[in-house]
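In what follows, a single structure is set out as structure tokens and then discussed.
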Amino acid sequence: GENVEQHPSTLSVQEGDSAVIKCTYSDSASNYFPWYKQELGKGPQLIIDIRSNVGEKKDQRIAVTLNKTAKHFSLHITETQPEDSAVYFCAASMRNTGFQKLVFGTGTRLLVSP
Amino acid sequence: DTEVTQTPKHLVMGMTNKKSLKCEQHMGHRAMYWYKQKAKKPPELMFVYSYEKLSINESVPSRFSPECPNSSLLNLHLHALQPEDSALYLCASSQSGLAGTPYEQYFGPGTRLTVT
């Protein structure tokens with residue numbers, strides 16, 4: 001089955017700096033890679049995703065890149081703000097008929113200091 | 001609107017109690033999911049319903065009993081739980097359709113369950 005590794009487990013940056021979180025996956029059949037942000041006491045919030053036919057996707061200050069050959073994908077946050085502080089999870093999945101089974105990475109705790 | 005709602009927000013129950021968690025979405029999604037999340041860990045899939053039929057049961061103990069009464073509602077019935085079952089229980093939903101086409105999965109805020 002699919003296995004997703006995520007690094008680093010914690011990341012501390014100064015406000016305005018960039019942050020990069022990296023994930024690797026094992027199953028070459030995986031075709032969908034979402035990123036979730038989870039704030040304390042809340043459910044995971046989908047912030048960006050990428051499909052296997054795309055190499056890069058950007059949405060304002062966040063971007064995701066995918067290297068299918070190396071089975072790597074990364075989340076890039078530019079101009080970080082204190083409100084970006086949260087736990088970020090990457091995930092990988094291959095769509096089955098009727099549903100999407102996500103396999104999550106272990107999470108990265110991002111702390112943005114003012 | 002990508003909202004999934006869950007009730008209650010918090011639940012404390014004894015090991016002999018019976019309780020239910022509820023989840024609702026009105027996005028027309030036909031796949032609904034239950035996850036369990038322990039502190040500092042990623043969500044762990046428990047059950048998947050597709051078109052109101054149970055598609056995945058990830059070897060979850062029978063003291064957890066899911067139910068999907070219609071396309072908008074998902075319940076998780078709890079009975080004779082153990083203290084180690086204390087966790088955040090998350091519901092999620094996504095579209096369904098052709099195999100191979102990925103769809104976004106949206107999570108609710110979760111129910112914080114404490115078993116005493």
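Could you tell me the convex hull volume per residue, in Å³, taken over the Cα atoms of chain B? Kindly include the intermediate steps, with their values, before the conclusion.
Values: hull volume 11.9 nm³, N = 116.
In chain B, the Cα convex hull volume per residue is 103 Å³.
Note on the range B:15-85: dipole from Cβ charges, positive end direction compared against B:27, B:62, B:39; the farthest Cα belongs to B:39.
So how do B:58, A:5 rank on accessible area, 1.4 Å probe, biggest first, that is with the largest at the start? List each step's numbers first, then the result.
On the way: B:58 70, A:5 95 Å².
Putting B:58, A:5 in descending order of accessible area: A:5, B:58.
On the range A:18-114, 49 percent of the accessible area sits on carbon and sulfur atoms, based on a 1.4 Å probe. Most tightly packed first, judged by the mean number of other beta-carbon atoms within 10 Å of their residues, the peptides A:61-74, A:34-47 read A:34-47, A:61-74. Our coupling estimate for the range A:7-14, obtained by passing each phi through the Karplus curve with A = 6.51, B = -1.76, C = 1.60 and θ = phi - 60°, is 9, x, 7, 9, 8, 10, 9, 8 Hz, Gly and Pro reported as x. What's the buried accessible area, both sides, between B and A using a 1.4 Å probe, rounded to 100 Å²? Roughly 2000 Å² of accessible surface disappears when B and A pair.
Which percent of the accessible heavy-atom area of chain B goes to carbon and sulfur, probe 1.4 angstrom?
On the way: 2820 of 5640 Å².
Accessible surface attributable to carbon and sulfur in chain B totals 50 percent.
Keeping all protein chains in place, calculate the accessible area per residue for the protein assembly as shown (probe 1.4 angstrom), answer in Å². All intermediate terms of the calculation are to be shown ahead of the outcome.
Values: 11110 Å² over 230 residues.
Solvent-accessible surface per residue comes out at 48 Å².
Taking trypsin sites (Lys or Arg not before Pro) across the range B:38-99, the ones in a DSSP loop with at most 10 further Cβ atoms lying within 10 angstrom of their Cβ are B:40. Each of residue A:15 and residue A:3 was given a label point 7 Å from its Cα along the Cα-to-Cβ line. The distance between the two points is 4.2 nm. Note: relative contact order over chain B, using C-alpha pairs below 8 Å and six or more positions apart, is 37 percent.
Using only alpha carbon pairs under 8 Å that are at least six residues apart, calculate the relative contact order of chain A and give it in whole percent.
Working: 286 pairs, mean separation 41.5, N = 114.
Relative contact order of chain A: 36 percent.
Extension gain, residue B:112-residue B:12: 0.36 nm per intervening residue step, less the Cα-Cα distance, totals 35.2 nm.
The values are calculated or read from the model by the stated rules, or taken from the named source; none is laboratory data. All values reported here derive from a predicted model rather than from experimental measurement. For neighbour counting, all protein chains shown are included, and Cβ atoms are generated from backbone atoms with ideal geometry for every residue, glycine included. Ligands, DNA and RNA are stripped out before the accessible areas are found, and what is left, the full protein with its side chains, is counted by its heavy atoms. Shrake-Rupley method; radii C 1.70, N 1.55, O 1.52, S 1.80 Å.
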